[in-house]
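The values are calculated or read from the model by the stated rules, or taken from the named source; none is laboratory data. Keep in mind that what you see is a predicted model, and the values were worked out from it rather than measured. For neighbour counting, all protein chains shown are included, and Cβ atoms are generated from backbone atoms with ideal geometry for every residue, glycine included. For accessibility, only protein heavy atoms count, side chains too; no ligands or nucleic acids. Shrake-Rupley method; radii C 1.70, N 1.55, O 1.52, S 1.80 Å.
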Amino acid sequence: MDEKLDIITIGECLIELSTNAKMADAECLYKYYGGDALAAAISALRMGSKVGFITRVGNDPFKDYLLDSWQREGLDISQVKLSAEANGLYVISRPSKADKELAVYRKKIAPSKLSVDDIDENYIKNSSVIYATGVTQSLSPSASEAVEYAFKIAKENGIKTAYDPNYHSALTTVDDAKDAFFRLASNIDILFMNTKSDSTNILEIDSQENIIKRLWDMGISTVVLKSEEKSGYFTGSNGKITFTEFYTNECVDTTCSGDAFNGGFLHAATHGFNEFEASKFASVVAGIQTQNIGAIKSIPYKDEVYAIYRGYDG
């Protein structure tokens, strides 16, 4: 691709099957697609960014659905490769705001075959920001190496890097999550962290100010902490820390809201917003996304977000 990209994300893709009924009662499951790095990519794309995605797609009956869907969205898939392994799958049931059932099938799936061979140096150089997550690293040792290699190329060429540990106990151990983060830390410019899971487990610090200062000391220039306890985002950059409230607390489904936030933030950061404005903008993206059932399916489009952002005082 000759056109310069705003953002490149590296990660897994999964088939999403969802229902509003209890799993035991559901007679129909709705098909979509998911994955945390992919959700961030689609979020930025729907805001107006030029976005590329690096992954491996399984050569199974879902292949055409995935590739055709991403092309319709406008996602650059020139670096998506086919693999003999199957595509991953998760099934989610959300019969009410308080109830959620989730089953995930992601062992030995196509994206786990990601490796340094899938990272094209010229493709990385043709972008403004490279983004990946701890979930990507947890896929396999070779996928983790691919992320490290991409971030190394980016830093050597003055390209920003962004990272979210996105720690989940069902996907990795605390020790492995720590190891993955600290292997990458020296090459991270923008860091997203959840205070409930990421910073508590990886850094073992629970004070927002101390977390941000520790990360600044490590050379990470921009830090965004997502705090459920405080219902908002602490953004630290250039020696300053600000707080942005969640756009809404009237949430229907928070699945992938953090990923939608990250994509919105990266879009804003590559389109003239400063870091604090980017958090405010991204809060609107994530807030709208939580007001409907579904992960990527519920990510809003730019016209709605920009209209709300201009009148939002959060």
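Run down THR270, THR244, THR255, THR222 and say which single residue is under 22 Å from TYR131 (Cβ atoms), in contact with a Gly (Cβ under 8 Å, 6 or more places away or on another chain), open to solvent by 20 Å² or more (accessible area, probe 1.4 Å) and of a type in the set (Val, Ile, Thr).
On the way: THR270 fails: in contact with a Gly (Cβ under 8 Å, 6 or more places away or on another chain); THR244 fails: open to solvent by 20 Å² or more (accessible area, probe 1.4 Å); THR222 fails: open to solvent by 20 Å² or more (accessible area, probe 1.4 Å).
The match here is THR255.
For region 168-193, what are the residues that are crowded, with 20+ Cβ neighbours inside 10 Å and either out of contact with any helix residue (DSSP H, G or I) (no Cβ under 6 Å at 6 or more places or on another chain) or of a type outside the set (Phe, Trp, Tyr) (or both)?
Within region 168-193, the first condition is being crowded, with 20+ Cβ neighbours inside 10 Å, and the residues that meet it are 172, 177, 180-181, 184, 187-188, 190-193.
THR172, ALA177, ALA180, LEU184, ASN187, ILE188, ILE190, LEU191, MET193 - these are the residues of region 168-193 that are crowded, with 20+ Cβ neighbours inside 10 Å and either out of contact with any helix residue (DSSP H, G or I) (no Cβ under 6 Å at 6 or more places or on another chain) or of a type outside the set (Phe, Trp, Tyr) (or both).
Can you tell me which of GLY311, GLY294 is surrounded by fewer than 21 Cβ atoms within 10 Å (Cβ to Cβ) and more than 17 Å from the chain's Cα centre (by Cα)? Steps first, please.
On the way: GLY294 fails: more than 17 Å from the chain's Cα centre (by Cα).
When all the criteria are applied, what remains is GLY311.
Name the pairs: first residue in region 133-144 and buried (at least 22 other Cβ atoms within 10 Å of the Cβ), second residue of a type in the set (Ser, Thr, Tyr) and at pLDDT 95 or above, Cβ to Cβ under 6 Å, at least 6 apart or on different chains?
GLN137/SER144; LEU139/SER112; ALA143/THR136
Can you report the number of residues in region 1-54 which are open to solvent by 50 Å² or more (accessible area, probe 1.4 Å) and modelled with pLDDT under 95?
Residues of region 1-54 that are open to solvent by 50 Å² or more (accessible area, probe 1.4 Å), as a first pass: 1-4, 20, 22-25, 27-31, 50.
Going one step further and asking which of them are modelled with pLDDT under 95, we end up with 1-4, 20, 22-25, 27-31.
Of the residues in region 1-54, 14 are open to solvent by 50 Å² or more (accessible area, probe 1.4 Å) and modelled with pLDDT under 95.
Just checking, which of GLU209, GLU277, GLU229, GLU204 is in contact with a strand residue (DSSP E or B) (Cβ under 9 Å, 6 or more places away or on another chain) and open to solvent by 60 Å² or more (accessible area, probe 1.4 Å)? Quick ask: steps written out before the conclusion?
Values: GLU277 fails: in contact with a strand residue (DSSP E or B) (Cβ under 9 Å, 6 or more places away or on another chain); GLU229 fails: in contact with a strand residue (DSSP E or B) (Cβ under 9 Å, 6 or more places away or on another chain); GLU204 fails: in contact with a strand residue (DSSP E or B) (Cβ under 9 Å, 6 or more places away or on another chain).
Just a single option satisfies the conditions, and that option is GLU209.
Could you count how many residues in region 63-107 are among the aromatic types (Phe, Trp, Tyr), more than 17 Å from the chain's Cα centre (by Cα) and within 20 Å of ILE299 (Cβ to Cβ)?
The initial filter retains those residues of region 63-107 that are among the aromatic types (Phe, Trp, Tyr), namely 65, 70, 90, 105.
Narrowing further to those that are more than 17 Å from the chain's Cα centre (by Cα): 65, 105.
Narrowing the set further to residues that are within 20 Å of ILE299 (Cβ to Cβ) leaves 65.
So the answer is 1.
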